[in-house]
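First the structure, in the form of structure tokens, and then the observations on it.
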Amino acid sequence: MRRWKSAALAALAVTVAAPAPAIAQKAGDDLWKVYDQTLSKARYIDLTHTLTPNQPVWKGFGPSLFKPTVDPATGQPYTYAKSGFEATAYTLSTDQFGTQLDPPAHWAPEQAAIDELPASYAVRPLVVISIVPQVRKDPKYFLKVADIRAFERRHGRIPAGSVVMVRSDWSKRWTTDPEDARALAADRNFPSVSLDALKFLHRRRDILFHGHEPLDTDTTPTLEGEYWLMHNGFAQGEGINNLQGVPATGCLVSFGFPKFKGGLGGLARYVAICPPSTRKGVRITRGDAPLPEFESPLRWDFDRGYRVR
């Protein structure tokens, strides 16, 4: 892992230290070296739940609906057989849906909405702090400042501008069964991030934002942690998935989200970019394009409310 990090730093050093050539070089060429030497060899781990209409969501938002897109001229769905293509219409009860990035305007109208977050959010150092042992003993365990300090004694100081993901393995309870999803969303026995821990991470370590696996920051009656974050201009990630196997340090995280005008929720996709020695994840291959065909074609499942193979 250290060799991988050193290669990344060396490639970046070339970008900074190389003398300007007689003919101006494309601005992207130097970052291409970072890609060729480092990112092309990395492991990529998806940290995102797949969106379905029956997934867990706060009961106050109600159900969502996926359905085939209808041709307004005929009133009939587009089909591969007759139209040559298909499309899907999504009726979402909320933009606070699944794996997401909450902008601070979710709670505070004077703060930034989702379309007002800068493009510089796109790629950051990733830190993963595990509280799995504590949660096994107490399902409502709160990440504490002491946990963060213990992490730093083992792994080093959390870098400024990083994204800190809190691993609790709550995401293993995720379900698409309608009844189970409603029960999970209503269950208040989930791990939390304490207000003191959030203040420490933002004020003492200057992180960009933190992410957690449950759909709320904490189990306090007033959601004090989320209130503090949103009213102080900080975003947060929720519904994070698949953190097991992601190294505690040494990875990057990339993420994107629909740029809804005035949007208050992210519907985000997070991807951890990890050293080649990481066992989990996938590599970049020539098979990435064109993508391979599947033996089973997509078809609409009326019981589930989305396409399956």
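Structural remarks
- Every pair of residues 6+ apart whose Cβ atoms lie under 7 Å, when the first sits in the range 105-125 and is surrounded by 18 or more Cβ atoms within 10 Å (Cβ to Cβ) while the second is charged (D, E, K, R) and in a loop (DSSP other than H, G, I, E, B): ILE114/LYS259
- Look at the range 140-152: where a residue is under 14 Å from THR249 (Cβ atoms) and a partner is outside any helix (DSSP H, G or I), sitting 6+ places away or on another chain with Cβ atoms under 7 Å, you get ILE148/ILE129; PHE151/ILE129; GLU152/ILE158.
- For the range 193-216, filtering for residues that are surrounded by 16 or more Cβ atoms within 10 Å (Cβ to Cβ) and outside any helix (DSSP H, G or I) leaves 13.
- A search for C-beta distances below 7 Å between a residue of the range 173-192 that is within 15 Å of THR50 (Cβ to Cβ) and in the same structural domain as GLY239 (by TED's automatic domain parsing) and any residue that is assigned to a helix (DSSP H, G or I) and modelled with pLDDT of 95 or more, counting only pairs 6+ apart in sequence or on different chains, returns THR175/ALA181; THR175/LEU184.
- Restricting the first member to the range 82-101 and to residues that are of a type in the set (Val, Ile, Thr), and the second to residues that are exposed (fewer than 11 other Cβ atoms within 10 Å of the Cβ) and at pLDDT below 95, the beta-carbon pairs closer than 9 Å and six or more apart or on different chains are THR94/GLY60; THR94/GLY62.
The values are calculated or read from the model by the stated rules, or taken from the named source; none is laboratory data. Since we're looking at a predicted model, the values are computed, not measured. Because the Cβ atoms are built from the backbone with ideal geometry, glycine has one as well, and the counts that use them run over all protein chains shown.
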